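Have a look at the structure below before the remarks.
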Amino acid sequence: MAGRVLSIGECMVELSQAEGGLLRQGFAGDSFNTAYYLRAFLPQAQPVDYFTAVGTDPVSDAMLAFIEGTGVGTSFIRRVPERTPGLYMIHLKDGERSFSYWRSASAARLLADDANALHTAIEASETIFFSGITLAILAPPAVETLLAEIGRARDAGKLVAFDPNIRPRLWADADAMRRTISAAASAATMVMPSFEDEAAHFGDASIAATVARYRALGIEKLVVKDGVNGITLSFDGRTSFVPSVAAEAVVDTTGAGDSFNGAFLAAYLETGDERRAAEFAARVAATVIGHHGALLARSELQILADV
């Protein structure tokens with residue numbers, strides 16, 4: 001599928017562990033990570049853009065320069081005075097990660113406040129990606145604005161992909177979280193949940209229960225990720241399973257799901273084959289978790305693309 005791809009959400013300053021107890025600064029965030037991998041694996045002639053809001057401070061300037069340097073378009077990114085990017089720190093233990101966040105003054109919290117800018121970006125795109133984190137950082141009126149635009153894109157025949165990416169600490173109320181996630185899924189054409197999250201927060205006893213719940217919301221394209229247990233695909237009434245790919249070493253699981261999402265969407269847009277897309281995405285994710293940080297170097301990604 002040709003046409004512009006748009007990812008909507010929050011890019012943050014990332015602090016990760018470096019040698020000698022020092023910290024390494026980068027820029028990352030689930031929706032931007034997905035855009036990064038989409039850009040890496042789609043033809044260069046196909047635009048991949050990011051929609052967010054940043055401040056007018058030097059850190060925001062550096063973030064925009066970084067995004068542009070990856071090849072992801074920034075023309076739809078808004079600048080908001082007196083706001084800054086959010087920041088998070090990665091804590092690692094045996095390859096598994098946890099996070100500390102500082103994002104109360106994040107400009108991205110206002111990304112949907114300009115409804116005209118949001119409409120323009122979505123109208124110019126054929127494929128749109130967003131996540132539960134995108135929704136969790138917004139005020140309720142902004143969530144309504146975003147979901148209304150997402151729903152219009154779906155009704156216009158665009159591919160709208162949604163990863164629930166449930167982070168309960170970002171939500172004030174668990175019931176509101178579940179309602180909003182379900183409403184967002186209903187506005188999408190493809191949902192890409194993690195079974196671990198769905199079991200923990202929706203009480204699903206099995207992957208079949210997750211598939212049934214989302215299909216009851218009208219979702220015809222489902223990509224259910226279950227870590228080392230593999231991927232279950234439910235597309236237009238067809239259900240299939242793709243095994244995971246074993247990682248040579250688990251160094252840092254940050255960005256595993258985001259790299260899977262970006263690689264899957266890129267391959268699916270190119271081939272229309274969900275199984276081939278899942279097989280490719282599983283290889284990418286297994287490689288990403290063998291490195292520090294959310295974004296694997298382009299040289300490593302090129303090797304994967306050539307396989």
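The values are calculated or read from the model by the stated rules, or taken from the named source; none is laboratory data. Computed from a prediction, not measured in an experiment: that's the story for all the values here. Ideal geometry is used to build each Cβ from the backbone, glycine not excepted, and the neighbour counts take in all protein chains shown.
Here are some notes:
- Entry remark, segment 201-226: residues being in a loop (DSSP other than H, G, I, E, B), within 19 Å of the chain's Cα centre (by Cα) and not charged (D, E, K, R) number 1 in total.
- Screening E14 against (1) crowded, with 22+ Cβ neighbours inside 10 Å; (2) at pLDDT 95 or above; (3) outside any helix (DSSP H, G or I) leaves a single unmet condition, (2).
- Enumeration of residues in segment 128-142 that are assigned to a helix (DSSP H, G or I) and within 15 Å of the chain's Cα centre (by Cα): G132, I133, T134, L135, A136
- Near pairs, Cβ below 8 angstrom, 6+ apart or cross-chain, from segment 67-85 (among the aromatic types (F, W, Y)) to any residue that is at pLDDT 95 or above and not in a loop (DSSP other than H, G, I, E, B): F76/L6; F76/D49; F76/Y50; F76/F51; F76/A117; F76/T120; F76/A121
- Filtered residues of segment 227-262 (kept if assigned to a helix (DSSP H, G or I), touching a helix residue (DSSP H, G or I) at 6+ places or on another chain (Cβ under 9 Å) and modelled with pLDDT of 90 or more): G227, N229, D258, S259, F260, N261, G262
- Hey, A266 at pLDDT 90 or above, of a type in the set (G, A, S), in contact with a Leu (Cβ under 9 Å, 6 or more places away or on another chain) and farther than 17 Å from S194 by Cα or not: yes
- Residues in segment 143-176 that are outside any loop (DSSP other than H, G, I, E, B) and under 23 Å from S125 (Cα atoms): 18 in all.
- Under the condition of being more than 22 Å from G55 (Cα to Cα) and either among the small types (G, A, S) or touching a residue at least 60 places away in the same chain (Cβ under 8 Å) (or both), the residues counted in segment 9-24 number 6.
- Of all residues making up segment 189-213, the number that are of a type in the set (K, R) and either closer than 20 Å to V228 by Cα or in contact (Cβ under 8 Å) with a residue 24 or more places away in the chain (or both): 0
- Test: residue in segment 79-89 that is part of a loop (DSSP other than H, G, I, E, B), more than 24 Å from E19 (Cα to Cα) and acidic (D, E): yes
- For segment 156-171, taking the residues that are more than 15 Å from M190 (Cβ to Cβ) and charged (D, E, K, R), the one that is nearest to the chain's Cα centre (by Cα) is identified as R167.
- Any hit, segment 177-194, residues being over 19 Å from the mean Cα position of the chain (by Cα), in a loop (DSSP other than H, G, I, E, B) and not hydrophobic (A, V, I, L, M, F, W, C): no
- Segment 50-72, subset of a type in the set (A, V, I, L, M, F, W, C) and not in a helix (DSSP H, G or I), residue nearest to I122 (Cα to Cα): F51
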